[in-house]
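Undergrad: Let me give you the structure first, and then I'll get to my questions.
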Amino acid sequence: MKSEGGHSHIRPWMLVALYVCAGMTWLGAQAWVLAYFGVSAHQRSARWQIALFAAWLLITALIGAWLLVRKRSAEGVRQETAQELALVARHAPAGIARVRFDGAEIVWANARLAGWLGRSADSLQGENFRLLVPADDPQEVKRQMASLVAGECDHFQMLRRCVNVLTEKVTPVLCTASRMRAADGEGPLALVCVLQDLTEVLAARQALERSETTLRLALEGSGNGVWEWDGAARHFHFSKGVARMLRYRGSDLVRDFDFFSRLHPEDRRPARSMLRSALRQSREIVLTARLLCFDSVYRWFKVHGQSRVDAEGRLQRLSGLLADQTASRDAEERQRLAAAVVDNTIEGVVVTDAQSRILSANRSFTRLMGYAEEEILGQTPRMFKSGLHGKAFYENMWASMRATGHWQGEIWNRRKSGEVFLERMSLSAVKDAAGTVTHYVCMFTDISSDKARERQLEFLSQSDVLTGLPNRAKFEGLLGEAVEQARATQDGMAVMLLNIDRFKDVNDSYGHAVGDMVLKHVAQQVQGALRHGDMLGRLAGDELAVVCPGLNGREEAIAVAEHLIRAAARPWTSPDGLSVVVGLSVGISLYPEHALDTEELMRDAHAAVYGAKARGSGTWCFFSEGMTQAARERLALEARLRRALDLGHLCLYYQPQLELATGRLIGAEALLRWLDPDEGLISPARFIPVAESSSLIGPLGLWVLQEACRQGQQWRSAGLPALTIAVNVSLHQLLLTDLAGATQQVLAQTGYPAQQLELEITESALAEHPEEGLQVLNRLRELGVHLAIDDFGTGYSSLAHLKRFPLDLLKIDQSFIRDIPHSADDMAISSSVIALGHAMGLKVLAEGVENREQLEFLRQKGCDFFQGYFCSRPLPAQDFTRLLEKVGKGARLIETA
């Protein structure tokens, strides 16, 4: 039997008892042997006794010898083992102690433990192990000791501390405690404690923690995150940096993140291909792609990793870094864009170091200066100096650079060709974090052409392009200076407005090119006829103005005006012999007799020139107060007309139009009337010219068109006889408004048929602008509207133009009807117009028929329609409605026989 520790449990008395038993067994065996061989009792001689005893001795001697050999061998092994254990205990790097279980007294300890405690091994015997080597967790020690006693475990480990009594150095140890009994198995239970020095382990662990902390801080500082794919577990691991870069706010990134589903659609196929290739070849993974972050925004990331495979080539682990490249790519893009902008900008850009040595220049710089970049690198900008600036200029420039780090201004420089040019330059200093200048950046542009344009614009802003004379703005400035001079010297002066007579006829007859030449000729003639100190300017198309300082009295002004009229009357002759003569109408305003400031002098001269034109060509006229009074009345009437349009004081009267052959009512002309609450009915002859000379004619004409169509549709809805409503159109409406578009819109709004609307355009309007008028009339004809030419015979229209117009009706002006039958001329003209209209395929209507004789004459000449007082005066809409009702019942307006 052996104990749990491997020691024998056989006691000496056991050996004695065993020997006695063996002897007794031998005696019994002896008797059996004698009986077996048939030896009788008398035969049992001493010889047999001796032989058997000798056999016993031999056997026991052999057994004893064998036992002694075994014991000697075991003792040798024991001694060797004890020696080995002693050497191990003495030289082992661990501390070893045998400790009593009950009191924790140290029975034995090796030198290593004694050295940690700063004592000798012998002095530790009997010392309390728990006090010398205290545990980090005493309660856990008690629990583990209870488990050891109960047999639940054969050893346990616990962290303890060895405190050197000499140096107070604390050595952390891992204590492994195992239970053991005495060699006889009867002694008390003891513990064998093996203590392992953890100083280096803890130091390595702390170094590892510091390294991990440093790596984590470095990764976090760099903005990178660590990722790992466990091939065996098929599971991802992510650092906190990955979650931060992906804007993840959840609790399980591994569960919520799928790499390929979050790749941008354009990046998925290239990414899969690159990953497969890298894994097949076991090479480094480098991938740049866009990932959809958890804030629903795609960002650029760089994936850098390395794969690990086993011996059979199976993927074990894939790990690496994830870096957010969005900001760097944006910065690179901005840098690339900035470089492209600098290289492609029209401004020259040059960069120098702090010593003004040129480091780089863009293409515009080489283009503007004429140098190749290689020719200027390492040089200083002094090579471009023009020599036009003195030392003080450059000193001031660098003083500004030192004070503000910037200078901007105009500077003359020299190209490689030697040409000196003016440039606008901006020079800036580039400083480092310490505020030290490291570079200078210069941007400049050639402003030579700009300066030329400025001079040209300045000239154009103050001068007339055609004649080179001061324009209105410049002339009024000169006039203001002359007024101030006259006021200071208390001298008189005159302002003369010169209007070229029949200038429009020249343009219409010979074209605007000839008109421009005539205008320049007149300006030159007038300029040559001026006195010393007089000033000439061009105000508008055919208007010139003269300031005549030092004129005292009307006689002097008249003499100057007549002299200018005679000068302008000199004919202009073209290179091919064409001779053109024009005249001047001169309006004169005197200072201080008529006005005391610039504005009033100009206004009075304008009023006076209209008075001169009214007298005929080549005349002059002084300003009078009545002229401005008439102008004020026109302005007041215009203002009242605007209010009347807004307040509904305007209305339409309708004059019947009849067929001459039958007396049948076929239409009505809508005539505008103004019923003023204070003044009563105001004549159209008074307010229509005011409307035509202002911007009122457009909205006024549109209102007439809308009201006429509205009233016509109302009569149609009432079932009254159908008729055509004629509406007059002014030149302003024809040329300056969208007449066709407005007509189409009014017809659509009112529902009135286009076939029952007739628009009347005066002959003079078509004669002045035939081409523009033709385009408008064609558009109106496409709508189905009837077209008539009004006041025919009073203008100067060309029959060649007239036949091109899509007309339906000619209206003979009432001035040719009024004196029939007493005027043979009017009768001849009317007969000719009727014949002409019919020859052109047009119907003819005579206006202003007032008696039977006129009616009969027109019937004899074949006139188609007429209107006038003989039938009816213009009627308000209400009265005209009653007239329509009578006609509808069969009443006749005139007798045809």
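Undergrad: Please tell me the relative contact order of the chain in percent, rounded to the nearest whole number, where contacts are Cα pairs under 8 Å and at least six residues apart.
TA: Working: 1351 pairs, mean separation 41.5, N = 897.
The normalised contact order for the chain reaches 5 percent.
Undergrad: Once phi is turned into θ = phi - 60°, what whole-Hz ³J(HN,Hα) does the Karplus curve with 6.51, -1.76 and 1.60 give for every residue of segment 161-173, x standing for Gly and Pro?
TA: 10, 9, 9, 6, 5, 8, 9, 6, 6, 9, 10, x, 9
Undergrad: As a test of the formula, what do you get for the chain when each DSSP H run with n ≥ 4 contributes -39,500 (n - 2.57) and the sum is divided by the residue count, at 222 nm and rounded to the nearest 500 deg cm²/dmol? Could the numbers behind the result be given before it?
TA: Details: 30 runs with 413 residues, N = 897.
Computed mean residue ellipticity for the chain: -15000 deg cm²/dmol.
Undergrad: Using DSSP to define loop residues, name the GluC sites (Glu not before Pro) in segment 830-897 whose beta-carbon has at most 13 other beta-carbon atoms within 10 Å.
TA: Taking segment 830-897 and a limit of 13 other Cβ atoms within 10 Å, the loop GluC sites (Glu not before Pro) found are E895.
Undergrad: To the nearest 0.05, what FRET efficiency results for H769 and L388 with a Förster distance of 45 Å applied to their C-beta separation? Don't skip to the answer; put the middle values down first.
TA: Details: r = 57 Å, r/R0 = 1.26.
Step by step, r from the Cβ atoms, then E = 0.20.
Undergrad: I've got another one for you. Once you put a point 7 Å from the Cα of T436 and another 7 Å from the Cα of Q860, both along the Cβ direction, what distance in nm separates them?
TA: Label at T436, label at Q860, 11.8 nm between them.
Undergrad: Run the reach check for K302 against aspartates and glutamates, Cα to Cα strictly under 17 Å, same-chain hits fewer than 8 apart removed. What comes back?
TA: Straight-distance partners of K302: E220, E228, D258, E266, D267, E284, D324, D330, E332, E333.
Undergrad: Any lysines with Cα under 30 Å of the K391 Cα? List them, leaving off those in the same chain fewer than 8 positions away.
TA: K416, K431, K451
Undergrad: In sequence order, what are the phi-derived ³J(HN,Hα) couplings for segment 288-303 according to the Karplus relation 6.51 cos²θ - 1.76 cosθ + 1.60 with θ = phi - 60°, rounded to whole Hz, with x for glycine and proline?
TA: Once rounded to whole Hz, the list reads 10, 7, 9, 10, 7, 6, 7, 9, 6, 10, 7, 9, 7, 10, 10, 9.
Undergrad: Any idea what angle helix 326-344 forms with the longest principal axis of the chain, computed on alpha-carbon atoms, 0 to 90 degrees, nearest 10?
TA: 40
Undergrad: Which listed residue (A372, G405, F384) has the Cα farthest towards the positive end of the charge dipole for segment 351-452, taking +1 on Lys and Arg C-beta and -1 on Asp and Glu C-beta about the Cα centre?
TA: Farthest towards the positive pole: F384.
Undergrad: Any chance you could list the semi-axes, whole Å, largest first, of the equivalent ellipsoid that the Cα gyration tensor gives for segment 92-197, using √(5λ)?
TA: Details: eigenvalues 98, 52, 24 Å².
For segment 92-197, the semi-axes come out at 22, 16, 11 Å.
Undergrad: If you don't mind, there's one more thing I want to ask. Full-extension gain between A835 and L337, please, as 0.36 nm times their residue separation minus the C-alpha to C-alpha distance. Numbers along the way, then the final one.
TA: On the way: separation 498, 0.36 × 498 = 179.28 nm, distance 7.93 nm.
Net length gain for the segment: 171.3 nm.
Undergrad: May I ask for the angle, rounded to the nearest 10°, between helix 199-222 and the longest principal axis of the chain, with both axes built from Cα atoms and the value confined to 0 to 90°?
TA: Orientation of helix 199-222: about 10 degrees from the principal axis.
Undergrad: Give me the angle, in degrees from 0 to 90, between the Cα long axis of helix 697-717 and the longest principal axis of the Cα atoms of the chain, rounded to the nearest 10.
TA: Orientation of helix 697-717: about 90 degrees from the principal axis.
Undergrad: Shifting gears a bit: Take E638 and K889, extend 7 Å from each Cα along the Cα→Cβ direction, and tell me the distance between the two endpoints in nm.
TA: About 4.9 nm, to one decimal.
Undergrad: Shifting gears a bit: Skipping prolines and chain starts, which residues have an amide H placed within reach, meaning under 5 Å, of the one on L539, given they are 5 or more residues away or on another chain?
TA: Amide H neighbours of L539: L544, A545.
Undergrad: Distance from a point 7 Å along Cα→Cβ of R249 to each backbone N in segment 285-308: keep the residues under 17 Å and list them by number.
TA: 293-298
Undergrad: Quick check: residue separation of T445 and A207 times 0.36 nm, minus the Cα distance between them. What number comes out in nm?
TA: Here the segment from T445 to A207 would lengthen by 79.4 nm.
Undergrad: Taking the Cα of R554, stepping 7 Å toward and past its beta carbon, and measuring to each backbone N in segment 599-621: which are under 11 Å?
TA: 621
Undergrad: Related question: Give the residue from V586, V420, G888 lying farthest towards the positive end of the charge dipole for the chain; charges sit on Cβ (+1 for Lys and Arg, -1 for Asp and Glu) and the dipole is referred to the Cα centre.
TA: V420
Undergrad: Going Cα to Cα from K861, which lysines come in below 25 Å? Please leave out same-chain ones fewer than 8 positions away.
TA: K803, K811, K843
Undergrad: Efficiency by 1/(1 + (r/R0)^6): what FRET value for C153 and T25, r their Cβ-Cβ distance, R0 = 41 Å, to the nearest 0.05? Don't skip to the end; give the middle numbers.
TA: Values: r = 46 Å, r/R0 = 1.12.
Here the calculated transfer efficiency is 0.35.
Undergrad: Sort 508-515, 815-822 for me by packing, meaning the mean count of neighbouring Cβ atoms within 10 Å per residue, highest on top.
TA: On the way: 508-515: 13.4, 815-822: 17.0.
So the order, starting with the most tightly packed, is 815-822, 508-515.
Undergrad: With θ taken as phi - 60° and the coefficients 6.51, -1.76 and 1.60, list the Karplus ³J(HN,Hα) couplings across segment 521-529 in order, rounded to whole Hz; mark glycine and proline as x.
TA: These are the phi-based 3J(HN,Hα) values: 4, 5, 4, 5, 5, 5, 4, x, 8 Hz.
Undergrad: Moving on. Taking neighbour Cβ counts within 10 Å as the exposure measure, how do E152, E669, E312 sort from fewest upward?
TA: On the way: E152 10, E669 25, E312 5.
Least crowded to most crowded, the residues run E312, E152, E669.
Undergrad: Continuing with this model, one more query. Order these by the 10 Å Cβ neighbour count, fewest first: V194, V165. Don't skip to the answer; put the middle values down first.
TA: Values: V194 20, V165 10.
If I rank by nearby Cβ atoms, fewest first, I get V165, V194.
Undergrad: How big is the charge dipole of the chain about its Cα centre, in debye rounded to the nearest 20, if each Lys and Arg gets +1 on its Cβ and each Asp and Glu gets -1 on its Cβ? The partial results should precede the final answer.
TA: On the way: 100 positive and 106 negative charges, 1496 e Å.
Computed about the Cα centre, the dipole is about 7180 debye.
Undergrad: Which residue, S683, L641, S73, has the largest displacement toward the positive end of the dipole of the chain when charges sit on each Cβ (Lys, Arg +1; Asp, Glu -1)?
TA: Of the candidates, S73 comes out farthest on the positive side.
Undergrad: Full-extension gain between S579 and V351, please, as 0.36 nm times their residue separation minus the C-alpha to C-alpha distance.
TA: On the way: separation 228, 0.36 × 228 = 82.08 nm, distance 6.62 nm.
Result: 75.5 nm gained on full extension.
Undergrad: Which of these values of volume of the Cα convex hull per residue in Å³ was calculated from the structure shown: [x] 268; [y] 519; [z] 189?
TA: [y]
Undergrad: For a footprinting-style exposure proxy, rank D432, D791, D343 by other Cβ within 10 Å, fewest first.
TA: Values: D432 9, D791 20, D343 12.
Going from least to most buried by this count: D432, D343, D791.
Undergrad: Can you compute the FRET efficiency between V163 and A111 using 1/(1 + (r/R0)^6), with r the Cβ-Cβ distance and R0 = 22 Å? Round to the nearest 0.05. Present the calculation step by step, with values, prior to reporting the outcome.
TA: Details: r = 17 Å, r/R0 = 0.79.
The calculated FRET efficiency here is 0.80.
Undergrad: To continue, here is another question. Along the Cα→Cβ direction, 7 angstrom out, place labels at L377 and R276. What is the inter-label distance in nm?
TA: Taking the two extended label points, one gets 4.7 nm.
FYI, it's all coordinate maths here, none of it is from the lab. Since we're looking at a predicted model, the values are computed, not measured. Backbone-built Cβ (ideal geometry, glycine too); neighbour counts: all protein chains shown.
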